[in-house]
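Participant: One structure coming up, written as structure tokens, with questions to follow.
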């Protein structure tokens, strides 16, 4: 990357980061589908294994990031998300500099300075439009895996669209998959972008990028309270990495939910770029012609793509595959039967932003009105600096609970929040937090027994026996957090 494009990309990323810092959630929150944050932070800090597929890259990078001497652990992880999304914004800007710059004529009426200004303005507009889209902005403010996934996918698309070597394309795609399994849907784009002749370096890079999954058995050897499955066995490792527990959710949304989502998302998703942005992204995709011949490298394989019969693959196949990829993401999200399915459409916004500058370049400086309008319209709704936080209800619950209590939760949101405050911040070390839903799994009961040797844990899934035996020697309380309600928690206890 040349100095001028690099500077433009860095400045755009810094503008996005400045806005994110102003609106960042200062503590643990469940806003923006982030109720898994407590579990992810606890797993990263304690070298644990979070829910499938285990997110090893998030755990590794998150643990290193947690060493920063800034505020609480949860603040550092919220900041980590902001930095990741800002990095993706910078990469979007860099891709648009390359794509728009390679599409403008090198001669004609416009001077090189005029062309450079057009390119830079279009690229900055594309980056900031993505940055201030509400769905993207929301994930930059909380502790979740989607911010890191966006950064890895942006690296993958940067390598693909700027004619980098195909082993690098594969490497970033593999890392993307370790941050979220839906990144597998980008594989057709990688295959078309690199071409048949470059499949070997692409696959080698992909396999190297997937190597973090091999860290999961090592994480399982630690004493972390967060350990899903048994990744130290081959069968348990595959169960975790393939996310078998969530397969029943695939394309399982009932017809009523599908119809409701189609109605809502048909307005909500184009509204992320104020509708006009999506039209210009479609225009940019239609105008995309790939790198100029001088920008293509024989080592990269881009621009030299051939089919299996040696026939040249023309540049239109890449944007068509991009449309197919976006459609696959949309179908996956529509059919996925969970309340947070909307966040699975984030890569669609990322793909659209990569071609947005090409569609906007004719507007010149007027195109900057698009991200400015997004910023002004969404600022209040996205500002989590004074939002509802989980800490007041969680800490009050822990302070209210009796000494040496067995604290039972029946929902993941409560469990994950209590894990964070108990295991990361060290609140109430005498408490034992148990999730009644996880208790149904053999691996969880074995881990619970190893973690608390003085606790009676039956070999079978027998919650009544678990309650009866342990409730005879210590207080037994059933807990639920409700940070947006009043009172903010429920705590029902019985003394031994």
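Participant: Could you please find all residues in the range 459-496 being over 29 Å from residue 35 (Cβ atoms) and under 37 Å from the mean Cα position of the chain (by Cα)? Talk me through it step by step, then tell me what you get.
Facilitator: As a first pass, look at the range 459-496 and keep what is over 29 Å from residue 35 (Cβ atoms): 459-460, 465, 468-469, 472-473, 495-496.
Across the range 459-496, the qualifying residues are 459, 460.
Participant: Let me ask something else about it. Would you confirm whether or not the range 373-388 contains a residue that is surrounded by 14 or more Cβ atoms within 10 Å (Cβ to Cβ), within 24 Å of the chain's Cα centre (by Cα), at pLDDT below 95 and closer than 22 Å to residue 139 by Cβ?
Facilitator: Yes: the range 373-388 contains one or more residues that are surrounded by 14 or more Cβ atoms within 10 Å (Cβ to Cβ), within 24 Å of the chain's Cα centre (by Cα), at pLDDT below 95 and closer than 22 Å to residue 139 by Cβ.
Participant: Residue 236: touching a helix residue (DSSP H, G or I) at 6+ places or on another chain (Cβ under 8 Å), surrounded by 15 or more Cβ atoms within 10 Å (Cβ to Cβ) and part of a helix (DSSP H, G or I), yes or no?
Facilitator: Numbers: touching a helix residue (DSSP H, G or I) at 6+ places or on another chain (Cβ under 8 Å): yes; surrounded by 15 or more Cβ atoms within 10 Å (Cβ to Cβ): yes; part of a helix (DSSP H, G or I): yes.
When the stated conditions are applied, residue 236 passes them.
Participant: Next up: Could you go through the range 72-79 and let me know if any residue there is without any contact (Cβ under 8 Å) to a residue 40 or more places away in the chain, assigned by TED's automatic domain parsing to the domain that holds residue 375 and assigned to a helix (DSSP H, G or I).
Facilitator: Yes: one or more hits.
Participant: Return the pairs, sorted by first residue and then second, in which the second residue is at pLDDT 95 or above and not in a loop (DSSP other than H, G, I, E, B), the first residue lies in the range 441-454 and is at negative phi and surrounded by 11 or more Cβ atoms within 10 Å (Cβ to Cβ), the beta carbons are less than 6 Å apart, and the residues are 6+ apart or on different chains.
Facilitator: Taking only residues 6 or more apart or on different chains, the pairs are 444/438; 447/227; 452/432.
Participant: From the list 358, 346, pick out the single residue that is in the same structural domain as residue 22 (by TED's automatic domain parsing), surrounded by 23 or more Cβ atoms within 10 Å (Cβ to Cβ) and farther than 11 Å from residue 126 by Cα. Even if it seems obvious, please write down each step before you answer.
Facilitator: Values: 358 fails: farther than 11 Å from residue 126 by Cα.
After ruling out the rest, the residue left standing is 346.
Participant: Quick check: anything in the range 354-365 at pLDDT 95 or above, touching a helix residue (DSSP H, G or I) at 6+ places or on another chain (Cβ under 7 Å), on the phi < 0 side of the Ramachandran plot and part of a strand (DSSP E or B)?
Facilitator: No; the residues of the range 354-365 include none that is at pLDDT 95 or above, touching a helix residue (DSSP H, G or I) at 6+ places or on another chain (Cβ under 7 Å), on the phi < 0 side of the Ramachandran plot and part of a strand (DSSP E or B).
Participant: Something else: Of the numbered conditions (1) touching a strand residue (DSSP E or B) at 6+ places or on another chain (Cβ under 8 Å); (2) at pLDDT below 95, residue 282 satisfies every one except a single condition; which is it?
Facilitator: The number of the failed condition is (1).
Participant: Tally time: how many residues in the range 187-229 are closer than 18 Å to residue 55 by Cα and assigned to a helix (DSSP H, G or I)?
Facilitator: Total satisfying the criteria: 13.
Participant: Against the condition at pLDDT below 95, part of a helix (DSSP H, G or I), surrounded by fewer than 16 Cβ atoms within 10 Å (Cβ to Cβ) and in the same structural domain as residue 328 (by TED's automatic domain parsing), how does residue 263 come out, does it pass? It would help to see each step written out before you state the result.
Facilitator: On the way: at pLDDT below 95: no; part of a helix (DSSP H, G or I): yes; surrounded by fewer than 16 Cβ atoms within 10 Å (Cβ to Cβ): yes; in the same structural domain as residue 328 (by TED's automatic domain parsing): yes.
So residue 263 fails the test.
Participant: Output the number of the condition that residue 412 fails; it satisfies all remaining conditions of (1) modelled with pLDDT under 95; (2) more than 29 Å from the chain's Cα centre (by Cα); (3) surrounded by 14 or more Cβ atoms within 10 Å (Cβ to Cβ).
Facilitator: Single failed check for residue 412: (2).
Participant: Please specify each residue of the range 395-429 satisfying the condition of being in contact (Cβ under 8 Å) with a residue 24 or more places away in the chain, out of contact with any strand residue (DSSP E or B) (no Cβ under 9 Å at 6 or more places or on another chain) and not in a helix (DSSP H, G or I).
Facilitator: 403, 425, 427
Participant: With part of a loop (DSSP other than H, G, I, E, B) and either modelled with pLDDT of 95 or more or over 27 Å from the mean Cα position of the chain (by Cα) (or both) as the only criterion, which of 298, 347 stands out? Walk me through it before giving the result.
Facilitator: Values: 347 fails: part of a loop (DSSP other than H, G, I, E, B).
Going through 298, 347 in turn, just one is part of a loop (DSSP other than H, G, I, E, B) and either modelled with pLDDT of 95 or more or over 27 Å from the mean Cα position of the chain (by Cα) (or both): 298.
Participant: Which of (1) modelled with pLDDT under 95; (2) surrounded by 23 or more Cβ atoms within 10 Å (Cβ to Cβ) is the odd one out, the single condition residue 222 does not satisfy?
Facilitator: (2)
Participant: Residues being free of Cβ contacts under 8 Å to residues at least 40 places away in the same chain and either under 15 Å from residue 447 (Cα atoms) or not assigned by TED's automatic domain parsing to the domain that holds residue 45 (or both): count how many of those fall in the range 219-243. Outline the logic, then answer.
Facilitator: Just the residues of the range 219-243 that are free of Cβ contacts under 8 Å to residues at least 40 places away in the same chain, to begin with: 221, 232-235, 237-238.
Subsequent filtering for residues that are either under 15 Å from residue 447 (Cα atoms) or not assigned by TED's automatic domain parsing to the domain that holds residue 45 (or both) retains 221, 232-233.
Residues in the range 219-243 being free of Cβ contacts under 8 Å to residues at least 40 places away in the same chain and either under 15 Å from residue 447 (Cα atoms) or not assigned by TED's automatic domain parsing to the domain that holds residue 45 (or both): 3 in total.
Participant: Tell me which of these residue 60 doesn't satisfy, since it passes every other one: (1) closer than 22 Å to residue 210 by Cα; (2) under 13 Å from the mean Cα position of the chain (by Cα).
Facilitator: (2)
The values are calculated or read from the model by the stated rules, or taken from the named source; none is laboratory data. None of these values were measured; they are calculated from a predicted model. Here Cβ is always computed from backbone atoms with ideal geometry, including for glycine, and neighbour counts include all displayed protein chains.
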